[in-house]
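S.K.: Sharing a structure, written as structure tokens. Questions coming.
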Amino acid sequence: GIAHDFNNVLTAIIGFSDLLLASHRPTDPSFQDIMNIKQNANRAAALVRQLLAFSRRQTLRPEVIQLGDTLADLHMLLGRLLGEKVSLEVVHGRDLWPIKADTSQLEQVIVNLAVNARDAMPQGGKVTIVTRNVGAGEKLAFKTMGMPAADYVLIEVTDTGTGIPPEIIENIFEPFFTTKPVGQGTGLGLSTVYGIVKQTGGFVYCSSEVGRGTTFHILLPRHAETAEEIAKAAENAKPDAPAASGADLTGSATILLVEDEEAVRAFASRALASRGYTVHEAGTGQEALAVMEETGGEVDLVVSDVVMPEMDGPSLLRELRRTRPDLKIIFVSGYAEDAFAKNLPEGEQFHFLPKPFTLKALATAVKEALGR
């Protein structure tokens, strides 16, 4: 609940910053001040994501990825983070199975573990990242009884540092638990790792020996690609695909915006109106139904918050579907998509925009939803 409220505040700050940036030139003295406001709001948003990651309510964007490619892209960044006193070795497994995960969050897992490893080696040392396939029947010393037998892709991050004492190893994934001095750590790094891995359907274990070093073992389930995913990957690989950055984000459709937070509603309404859309506003689900009646149902798209008093987003959609079974909808929330999807009728089609969002992200989501 706190994360939801805070994401609403951040959405308003980021949104109005975007509106100000649109009316100021980069040479304007105020431009840099507005950029600083937006950048610090984004930093706050990153902290909220860490808290949501631990509670496994983060808005992940899973896609089919090849782990070897992800690690190859990260190699240079990891080298810079580890510094000159720590060497890095990456051992890629052969013919790694595909996995389904949010690429940016998986990168955050690797980066967090690498930074922890660096801090455990103040005098320098070595970090080794190993990947390989683990078959369903393979025995692993660190596996627990609750882990189902299945095919996994294993990532191991090993350091030659001080190790973790046995008396605290049970606490390392707890939020705000840290052994670092005050001001040098939030205690959210490993809890974020734990939450992201668990929400991805995987498992994370730690084995350590004081004075010798520590290894984190991450097991992510093998993904069986569908024919649709293979076709989509081939489509994305085409060289003539238009660049999203230069896309036309204007439109002429009629949109019903349902949002109980006044500041968020004001920003979103102005942002969409500036793109050429006709916008009707509603502060609650009941108001939204009244607006639909007033307009005679002449609405092309509904953009609705999920958590609202009296009538939440899924309940509103069920009511709207009675008269408009083909109505397009975008749900907006700071929670994970699957946290509310279970409240919808089976097979229900909807688009999703995580909070906090920028002006461009809102305009892009609306354009895509109307296009489909």
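The values are calculated or read from the model by the stated rules, or taken from the named source; none is laboratory data. The model shown is predicted, which means the values in this text are computed figures rather than measured ones. Positions of Cβ are generated from backbone atoms using ideal geometry, with glycine treated the same way; all protein chains shown enter the neighbour counts. Heads up: the accessible areas ignore ligands, DNA and RNA and are worked out on the full protein's heavy atoms, side chains in. Shrake-Rupley method; radii C 1.70, N 1.55, O 1.52, S 1.80 Å.
S.K.: If the convex hull of the alpha-carbon atoms of the range 249-299 is projected onto planes in all directions, what is the mean projected area in square nanometres? Let's see the in-between values first.
M.R.: Values: hull surface 12.9 nm².
Taking a quarter of the hull surface, the average projection is 3.2 nm².
S.K.: Can I ask one more? Rounded to the nearest 10 Å², what accessible area does Arg275 have for a 1.4 Å probe in the complete protein model?
M.R.: Near enough 60 Å² of accessible area.
S.K.: To make sure I understand the rule: partners must be aspartates and glutamates, Cα under 17 Å from the Cα of Lys126, and not fewer than 8 residues away in the same chain. Which ones qualify?
M.R.: Glu84, Glu89, Glu156, Asp159, Glu209
S.K.: Using a simple spin-label model with points 7 Å from Cα along the Cα→Cβ vector, what separation in nm is obtained for Glu262 and Val111?
M.R.: 3.7
S.K.: Extending each Cα 7 Å along its Cβ direction at Glu348 and Val91, get the distance between those two points in nm, one decimal.
M.R.: For Glu348 paired with Val91, the spin-label model returns 4.9 nm.
S.K.: With respect to the cross-link table entries Lys100/Lys198; Lys328/Lys360; Lys328/Lys367; Lys198/Lys360; Lys38/Lys360, which display a Cα-Cα separation exceeding 22 Å?
M.R.: With Cα atoms farther than 22 Å apart: Lys198/Lys360.
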